[in-house]
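Inspection log for the structure reproduced underneath, given as structure tokens.
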Amino acid sequence: QVQLVESGGGLVQPGGSLRLSCAASGFRFSIYTMGWYRQAPGKQRELVATISSGRSTNYADSVKGRFTISRDNAKNTVYLQMNSLKSEDAAVYYCKADVGGLLYWGQGTQVTVSS
């Protein structure tokens, strides 16, 4: 079955960096679009970034120039490099796989930005 396991979250000071990872299994990873989303307390889940099978990327305006999504098809893993983190980036970050129209989510990883 499809499994998505996020890791890499934690506590970071404003201006710091984190790299999130999402290890995927149970489907042909290389041919599907992957994405990162986030949800802060009291807010709706929102798109952060997506990457297609051809490595085309899309970013939310709020993270452009600071975050980078990438994928390693040999490791079935998608990454989110987050730089210049701000307090408003604090949220639970979720990995999403769009597998032929079926959407799968990971369990999420907490990112806390605080001094």
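The values are calculated or read from the model by the stated rules, or taken from the named source; none is laboratory data. All values derive from a computational prediction rather than experimental measurement. Here Cβ is always computed from backbone atoms with ideal geometry, including for glycine, and neighbour counts include all displayed protein chains. The area values use the complete protein model at the heavy-atom level, side chains included, leaving out ligands, DNA and RNA. Shrake-Rupley method; radii C 1.70, N 1.55, O 1.52, S 1.80 Å.
Might you check whether a residue that is hydrophobic (A, V, I, L, M, F, W, C) and crowded, with 21+ Cβ neighbours inside 10 Å occurs anywhere in the range 54-62?
no
Considering only strands (runs of 3 or more DSSP E) fully contained in the chain, which possess at least 2 residues that are touching a residue at least 12 places away in the same chain (Cβ under 8 Å) and not hydrophobic (A, V, I, L, M, F, W, C)? Don't jump to the end; show me each part of the working.
Numbers: elements: 3-7, 10-12, 18-25, 33-39, 46-51, 57-59, 67-72, 77-82, 91-99, 102-105, 109-113.
Filter on the chain gives 3-7, 18-25, 33-39, 46-51, 67-72, 77-82, 91-99, 109-113.
For Gly35, indicate whether it is within 13 Å of Tyr93 (Cα to Cα), of a type outside the set (A, V, I, L, M) and out of contact with any Pro (no Cβ under 8 Å at 6 or more places or on another chain).
Considered against the rule, which asks whether it is within 13 Å of Tyr93 (Cα to Cα), of a type outside the set (A, V, I, L, M) and out of contact with any Pro (no Cβ under 8 Å at 6 or more places or on another chain), Gly35 comes out as yes.
Examine the range 67-74 for a residue that is open to solvent by 60 Å² or more (accessible area, probe 1.4 Å) and over 13 Å from the mean Cα position of the chain (by Cα), and state whether such a residue exists. Step through it out loud before you land on a result.
Quick first cut of the range 67-74, residues open to solvent by 60 Å² or more (accessible area, probe 1.4 Å) only: 68, 74.
Checking the rest, the ones that are also over 13 Å from the mean Cα position of the chain (by Cα) come to 74.
Among the residues of the range 67-74, at least one is open to solvent by 60 Å² or more (accessible area, probe 1.4 Å) and over 13 Å from the mean Cα position of the chain (by Cα), which makes the answer yes.
Every residue, every condition in (1) of a type in the set (Gly, Ala, Ser); (2) over 26 Å from Pro14 (Cα atoms), yes or no:
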{"residue": "Asp72", "(1), (2)": "no, yes"}
{"residue": "Thr77", "(1), (2)": "no, yes"}
{"residue": "Gln81", "(1), (2)": "no, no"}
{"residue": "Lys86", "(1), (2)": "no, no"}
{"residue": "Cys95", "(1), (2)": "no, no"}
{"residue": "Asp98", "(1), (2)": "no, yes"}
{"residue": "Ser115", "(1), (2)": "yes, no"}
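Determine, yes or no, whether Arg66 is touching a Ser or Thr at 6+ places or on another chain (Cβ under 8 Å) and over 13 Å from Val48 (Cα atoms).
No, not satisfied.
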